[in-house]
Amino acid sequence: MRHMPEPLLDRARRASRRLRVNGDARAAHYVICGRDALAYWVVRALLATELQAGRVRITLVVPERPRSDEPDGRDLQGVEVVRADRLDEVTFRRAGLAGADGLALLHQDDVGNMHAALCAQEVEPRLRLVVRMFNTGLANGVRRIFPDSAVLSDASMAAPAFVAAALGEVAPTHFRHGGRTLYVARRDDVRPTDVVCGVADTRDPQQVRLLPADGSAADLVIAEATGTPPGTELAARRLVRARRRRRPLTVLLRAVRSFATRKIGLAVIVLLAVIGVLGWLNGYASHEKDWGDSLYLTLVTTLTGQDPNPDKSAAEQVMQVVLNLAGLALIPLITAVVVDGIVNARLALHSGRIQPERSGHVVVVGLGNVGTRVMAQLCDFGVEVVAIDRVPEPRGGALARRLGVPLIVGDAALEETLQSASVGGCQALVVVSTDDETNLQAALNGLAVNPELQVVLRLFDGHFAERIQQAFGIGVSRSVSYLAAPSFAAALLDRAVIATIPVGRHALLVTEVSVAAGSSLDGRPLAAVGPTESVRLLAHARAGQRLDWAPDQRLVIVAGDRLTVVARRAGLNALLREAAPPAPEDPVAPVPRQPEE
């Protein structure tokens, strides 16, 4: 007798526990650990998907105090909150992890998440585990230790959207399903026969229509890759190759400007002006008519001094004394200029502030998790990148050096830092640091230098992003947490999201839904799937059969059918409810008889 694989056996046990406990339906219990907006959006996705008739119970583990102003889910209704700064066995037992159906570790500390996963295993060995990680080496280790786990990177999920927005193209979303490779493209860039489904009408940026009822009205489509379709290369028509404008004089002036601080430079200028005036007065007092001799006597008097001469006139003696005093100040000032200049020049070279003028490149602000992915993908597409970070050794610093990307160390909120990156001649400014205030200031300074600049802005607060768009006309903004949350929630629910398609500030999900016996969809025609602008059917398959990419809409759905759809979150949630088995009915309690009067 063949044994069921351990992960599948664990899933079956969790499913049986959810079905009935002592004859009553049991709500699935999920524990979410996080401290930022990703935890907030994952909890919201779970609530929107499963919150019906008590089918889900969520416990959120957050630090004692909020780490920032961004939401982390602790104020959401219907969520149990456990406050703890350490993720250990004690915390997990307080959160009721024993017997839970799933655990999501959403902190940005890879090693900390690994340690928390090991602690969770001590409390509940058979557990569906979803971990947020950036380091792929650690991710492979987690998968080996925890077979029933999903390791996801929100940075990897969101980076393609930032790259596409920077290049003025659609998101480079490619995925393989049912033996076909599908990708997102402009309708004009693909053959009509390769179009699988219309995705969105983006011709009016102010009113983007997702999944329009008339698929032919969508200019953004999902197409099948059938060899080498014309126009599918990312930004093939519009990509401007970066060019370095070698201007030796400009670079020299930048080097001279960074050689000394402003205060020392002003002191030198003032002192030289005083020496010049005094030299002219000295020559006038000594009746020197040759300006060369006058300059010679002035410099000698200033730098070396002269023997006293009582026979000189009073004016000449005064000038000599003053020039000697100026000389005493000039020598240490020259020494200070040299020392300060060497230090500043080395710092400027180390921080990357002495750079040649460029044009057509992309400036990436912030080399954290997302910025590092964006920089790497832009380099893969052959785009020249200049990076800015206020930390000398950011997370992506080593990769930047390996890729030959100049790293300018400085505050991107300052205009001079952006000028060092030649933001006036770049094709796009991608601002993806973790500070909303710095991001906004860098975007506004970039637009002040170049009003036609393509700005891609990362903001955590969606409502704030909408107000910024209306006030300043910055229309391309992204929320990493919002884009990645559906995949984390689906992984926690053990539902595979095939692909996530970002469209503006929205996200469409490509997923496969199985139809359960007795569900609302069982016995209905395929035309019943996606009648509204929230779900589109891509393919259909009977149990054990291959996908049909052009099914007859009159075909009747039966239990076990698999539906591949592209949907908005609300539409997918509704479809999952229609495809789910009916909830068990509660037994009707007998009505007590009233005593006769």
Residue, nearest to Gly179 (Cα to Cα), within segment 522-579, restricted to residues that are assigned to a strand (DSSP E or B) and free of Cβ contacts under 8 Å to residues at least 40 places away in the same chain: Asp548
message: Can you say whether Ala570 is of a type in the set (A, V, I, L, M), within 28 Å of Leu129 (Cα to Cα), open to solvent by 10 Å² or more (accessible area, probe 1.4 Å) and in contact with a Ser or Thr (Cβ under 9 Å, 6 or more places away or on another chain), as far as the supplied structure shows?
response: yes
- request: Grab the helices (runs of 4 or more DSSP H) fully contained in segment 96-183, keeping just those with 3 or more residues being more than 30 Å from Val365 (Cα to Cα), more than 27 Å from the chain's Cα centre (by Cα) and free of Cβ contacts under 8 Å to residues at least 40 places away in the same chain.
  value: 110-123
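Per-residue answers, yes or no, for (1) within 39 Å of the chain's Cα centre (by Cα); (2) of a type in the set (Val, Ile, Thr); (3) at pLDDT below 80:
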{"position": "Asp548", "(1), (2), (3)": "yes, no, no"}
{"position": "Val556", "(1), (2), (3)": "no, yes, no"}
{"position": "Leu563", "(1), (2), (3)": "yes, no, no"}
{"position": "Ala579", "(1), (2), (3)": "yes, no, no"}
{"position": "Asp586", "(1), (2), (3)": "no, no, yes"}
{"position": "Pro590", "(1), (2), (3)": "no, no, yes"}
query: Taking segment 521-541 as the search range and keeping residues that are farther than 20 Å from Ala223 by Cβ and modelled with pLDDT of 90 or more, which one is most open to solvent (accessible area, probe 1.4 Å)?
result: Arg524
field: Selected residue (only one of Ala421, Ala443, Ala465 is under 20 Å from the mean Cα position of the chain (by Cα), at pLDDT 85 or above and open to solvent by less than 40 Å² (accessible area, probe 1.4 Å))
entry: Ala443
- line: Scanning segment 529-577 residue by residue, those closer than 28 Å to Pro502 by Cβ and of a type in the set (Gly, Ala, Ser) turn out to be Gly530, Ser534, Ala539, Ala541, Ala550, Ala567, Ala570, Gly571, Ala574
Selection status of Glu393, open to solvent by 40 Å² or more (accessible area, probe 1.4 Å), under 29 Å from Arg57 (Cα atoms) and modelled with pLDDT of 80 or more: no
- prompt: Does any residue of segment 183-199 turn out to be open to solvent by 20 Å² or more (accessible area, probe 1.4 Å) and of a type in the set (Ser, Thr, Tyr)?
  reply: yes
- request: Being closer than 27 Å to Val431 by Cβ and in contact with a Gly (Cβ under 8 Å, 6 or more places away or on another chain) is the filter; apply it to segment 478-493 and report the residue that is most open to solvent (accessible area, probe 1.4 Å).
  value: Tyr482
message: Could you check segment 361-386 and list, in sequence order, the residues that are of a type in the set (A, V, I, L, M, F, W, C), buried (at least 24 other Cβ atoms within 10 Å of the Cβ) and within 25 Å of Arg132 (Cα to Cα)?
response: Val364, Val365, Leu367, Val370, Val374, Met375, Leu378
message: Go through segment 402-445 and report how many residues are touching a residue at least 12 places away in the same chain (Cβ under 8 Å) and part of a helix (DSSP H, G or I).
response: 19
task: Return the only residue of Leu129, Leu138, Leu152 being open to solvent by less than 70 Å² (accessible area, probe 1.4 Å) and more than 19 Å from Tyr40 (Cα to Cα).
output: Leu138
- request: Within segment 28-85, work out how many residues are surrounded by fewer than 16 Cβ atoms within 10 Å (Cβ to Cβ), small (Gly, Ala, Ser) and modelled with pLDDT of 80 or more.
  value: 1
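The values are calculated or read from the model by the stated rules, or taken from the named source; none is laboratory data. What you see is a predicted model; the values in this text were computed from it and never measured. In this analysis, Cβ positions are derived from the backbone assuming ideal geometry, glycine residues included, and neighbour counts consider all displayed protein chains. We work out accessible area using only protein heavy atoms, side chains counted, and drop any ligands, DNA or RNA first. Shrake-Rupley method; radii C 1.70, N 1.55, O 1.52, S 1.80 Å.
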